[in-house]
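Q: Take this structure first; my questions come after.
The values are calculated or read from the model by the stated rules, or taken from the named source; none is laboratory data. Everything numeric in this text was worked out from a predicted model, so none of it was measured. No Cβ is skipped: glycine too gets one built from the backbone with ideal geometry, and neighbour counts run over all protein chains shown. The area values use the complete protein model at the heavy-atom level, side chains included, leaving out ligands, DNA and RNA. Shrake-Rupley method; radii C 1.70, N 1.55, O 1.52, S 1.80 Å.
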Amino acid sequence: MNRVIAIDGPSGAGKSTVARAIGRALGFLHVDSGALYRIVTWQALRYGVDCGDETAVSALVERLKVTWRVCDGGVVCASDGEEPGEAIRQPEINAHVSPVSKVPAVRARVTAWLREMRQLGHLVVEGRDIGSVVFPDTPARFYLDADPEERARRRHLEEIGKGISQSRDAVLASLLKRDRIDSTRVNAPLRVADGACVIDSTAIPVEEVLRIMRDRLPPEWLPSLTPQP
Ligand code: DC
């Protein structure tokens, strides 16, 4: 069975940066589970489906065909043959993704897609319910958190880099709203998985977060050091 490192936590806690770095270091494929919820939301908006209408969203996700390919150490997803790229990072998707990801049929399908991806190789998967629901069997469960102001600062900088323009206050408001919906939903809410290692990244550099995580991984997962001649 391929190995999984689960990294959960709220938006902007630094999960993607850390997951990519760990994936590169250990040769695990990076999977961004939020991208799958974003793809469903993107298609709902394109097809004119009301994101607050659970029946309509369930019907959409049942007929959606999602595929994926490995690219540059990560898994890139497409739906109905189309890769969305940055389209799924737009503020309009941010505003609708939490209601969509509350829908049980959406959670069931995304969970099934993620479990199927395990056949690709060892994975480092970031999300909200990876250690608690999707891969509760993995010994490597982390919960990455940071102060909301700091998370908004990081997200805002990221958005500027992608050419998305909204104020930091707007980013903070959107992030807090999603946190509230994500952590209070009945089905697979954002929470610390049992036994997960909690890391607050507000005031520590990414290298330190990586060091803490590395220390918590099963030693047999770490690349062995080749003795120097
Ligand atoms: O990580 P992100 O901001 O791209 O995630 C977008 C949304 O997807 C987030 O608001 C909640 C949802 N999500 C989820 O419910 N479960 C996951 N495992 C990942 C994301």
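Q: Can you list which of the chymotrypsin sites (Phe, Trp or Tyr not before Pro) found in the stretch 1-90 are DSSP loop residues with at most 16 other C-beta atoms within 10 Å?
A: Here the sparse-neighbourhood loop sites are 47.
Q: So for the stretch 14-56, considering every pair of alpha-carbon atoms, how many percent are separated by more than 14 Å?
A: 60
Q: Do any trypsin sites (Lys or Arg not before Pro) in the stretch 142-211 lie in a DSSP loop with no more than 14 other beta carbon atoms within 10 Å, and if so, which? Kindly include the intermediate steps, with their values, before the conclusion.
A: Working: sites: 151, 153, 154, 155, 162, 168, 177, 178, 180, 185, 191, 211; in loops: 162, 185, 191.
When the trypsin sites (Lys or Arg not before Pro) of the stretch 142-211 are filtered for loop state and at most 14 Cβ neighbours within 10 Å, 162 remain.
Q: Enumerate by residue number the trypsin sites (Lys or Arg not before Pro) in the stretch 49-112 meeting two conditions: DSSP loop (anything except H, G, I, E, B), and at most 11 other Cβ atoms within 10 Å of the site's Cβ.
A: Filter output for the stretch 49-112: 65.
Q: Which length gain, in nm to one decimal place, applies between residue 220 and residue 137 when the Cα-Cα distance is subtracted from 0.36 nm times their residue separation?
A: 28.2 nm
Q: Which listed residue (97, 64, 127) has the Cα farthest towards the positive end of the charge dipole for the stretch 61-174, taking +1 on Lys and Arg C-beta and -1 on Asp and Glu C-beta about the Cα centre?
A: Farthest towards the positive pole: 64.
Q: Moving to a separate point now. Contact order normalised by length for the chain, with contacts defined as Cα pairs under 8 Å and 6 or more residues apart; what percent is it?
A: About 32 percent, as a whole number.
Q: In the calculated pair distance distribution of the stretch 18-152, what percentage of Cα-Cα distances lie above 28 Å?
A: Taking all Cα-Cα pairs of the stretch 18-152, the fraction more than 28 Å apart is 17 percent.
Q: State to the nearest 20 debye the size of the charge dipole of the chain about its Cα centre, where the only charges are +1 on K and R beta carbons and -1 on D and E beta carbons.
A: 200
Q: In whole Hz, with x marking every Gly and Pro, tabulate ³J(HN,Hα) for the stretch 65-70 from phi via Karplus 6.51 cos²θ - 1.76 cosθ + 1.60, θ = phi - 60°.
A: Going residue by residue, I get 9, 10, 10, 8, 9, 8 Hz, with x marking Gly and Pro.
Q: May I ask you to work out the translational diffusion coefficient for the chain at 20 °C, viscosity 1.002 mPa s, via Stokes-Einstein with Rh from the Kirkwood sum over Cα pairs, reported in whole µm²/s?
A: The estimated diffusion coefficient comes to 119 µm²/s.
Q: For the chain, what does the accessible surface come to per residue with a 1.4 Å probe? Please give it in Å².
A: Values: 11080 Å² over 229 residues.
Per-residue accessible area for the chain comes out at 48 Å².
Q: Mind checking the full-extension length gain between residue 86 and residue 206? Use 0.36 nm per residue of separation minus the Cα-Cα distance, one decimal, nm. Please report the intermediate quantities before stating the final value.
A: Numbers: separation 120, 0.36 × 120 = 43.20 nm, distance 2.41 nm.
Answer, rounded to one decimal: 40.8 nm.
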